[in-house]
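Worksheet: one structure, shown below.
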Amino acid sequence: GGPKPLAGRRIIVTSGPTHEPIDPVRYIANRSSGKQGHAIAAALARLGGDVQLVSGPVTLPDPAGVHTTHVETAREMKDAVEALLPADAAVMVAAVADWRTDTQADQKIKKGAGGPPTLAMVENPDILAGIGRHARRPFLVVGFAAETQDVSENATTKLDRKGADFIVANDVSVTSGVNEGGVMGGTRNRVKIVSRSGIEEWPEMDKAQVAERLAQLIARRLDSITV
Ligand code: PMT
């Protein structure tokens with residue numbers, strides 16, 4: 001039921017955290033649950049989109065009507081996203097680890113006389129920035145910004161640095177009031193839509209409602225593009 005304004009549109013969505021292994025039993029991760037990204041994938045599919053979700057490790061079921069690829073690390077997520085091009089739009093909701101350990105030990109690192117290990121870190125590729133400047137860049141590129149301070153300023157910087165059309169900014173320092181567990185991991189969100197034409201503040205709502213509104217916005221934007 002309902003209108004299908006995204007029929008025939010291929011849309012890539014990333015969701016969830018990435019896990020960056022340290023050794024066979026340990027990894028670096030973050031508090032992303034995938035709730036916001038999965039809700040967006042589902043909302044886009046309800047509007048008729050051909051939705052290709054690339055998900056990091058989450059405990060959520062794959063959304064109905066969506067094609068889901070499961071990955072673990074940032075580098076796997078980047079490869080999976082690029083393999084899905086070309087697309088009409090990309091919505092990068094995943095909380096991709098900015099860093100990984102320089103090396104991953106083949107064996108479990110033992111506790112020993114040497115004391116705690118020092119983990120040398122290297123930067124992960126920026127998937128959004130790569131897509132934002134890709135030769136086969138989707139018509140519409142939407143990034144997120146998880147900030148704990150100067151939300152609007154940092155999101156505006158990310159818009160340009162990552163070559164996005166929109167940045168959906170959320171304040172992930174919010175741990176009370178919005179919902180138990182905070183924006184990362186919880187069920188509600190309050191976002192600002194940052195574009196070159198300004199900043200639009202949306203009220204706090206369920207992640208499913210944020211997803212619904214964002215899907216409508218994406219449908220209108222793609223509609224205005226003459227292919
Ligand atoms: O998963 P939930 O529990 O529902 O929580 C939702 C959320 C808080 C994770 C989500 O709403 C959100 O803010 N996602 C972006 C998280 C993030 O990593 O933000 P960032 O400001 O570090 O990154 C900015 C953008 O660049 C994001 O679109 C991110 O996907 C992308 N990025 C970042 C680093 C990297 N190496 N590659 C990327 O593509």
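Read-outs: derived from the displayed coordinates by stated rules, not from any lab. None of the values given here were measured: they were computed from a predicted structure. Glycine gets a Cβ as well: all are built from the backbone with ideal geometry, and neighbour counts include every protein chain shown.
Quick notes
- Helix 151-161 axis versus longest C-alpha principal axis of the chain: approximately 90°, rounded to the nearest ten.
- Beta bridges per DSSP with both ends in region 27-174, % antiparallel, nearest 5: 20 percent
- Ranked list, fewest to most other Cβ atoms within 10 Å of each Cβ, for F166, F139: F139, F166
- With Cα atoms, 0 to 90° folded angle of helix 207-223 axis to the chain main axis: 60 degrees
- Cα centre as origin, Lys/Arg/Asp/Glu Cβ charges: the chain dipole, Debye: 300 debye
- Cβ-based exposure ranking for S33, S173, S197, S15, in which fewest neighbours within 10 Å come first: S197, S173, S33, S15
- Taking each residue as 0.36 nm, the span from E201 to T148 lengthens on full extension beyond its C-alpha to C-alpha distance by 17.4 nm.
- C-alpha long axis of helix 74-83 to longest principal axis of the chain, angle in °: 40 degrees
- Sparsely packed trypsin sites (Lys or Arg not before Pro) within region 1-92, loop by DSSP, other Cβ within 10 Å at most 15: R31
- In this structure, the pairs whose alpha-carbon distance is over 29 Å, taken from K4/K192; K35/K111; K108/K162; K35/K162, are K35/K111; K108/K162.
- Added length on full extension, which subtracts the Cα-Cα distance from 0.36 nm per residue, D98 to R31: 22.7 nm
- 5 angstrom amide H check on W99, placed H, neighbours 5+ away: N124
- Efficiency of FRET from Cβ geometry, K108 and H134, R₀ 41 Å, rounded to 0.05: 0.60
- Size of charge dipole - region 101-227 - debye, nearest 20, with Cβ of Lys, Arg +1 and Asp, Glu -1, no other charges: 400 debye
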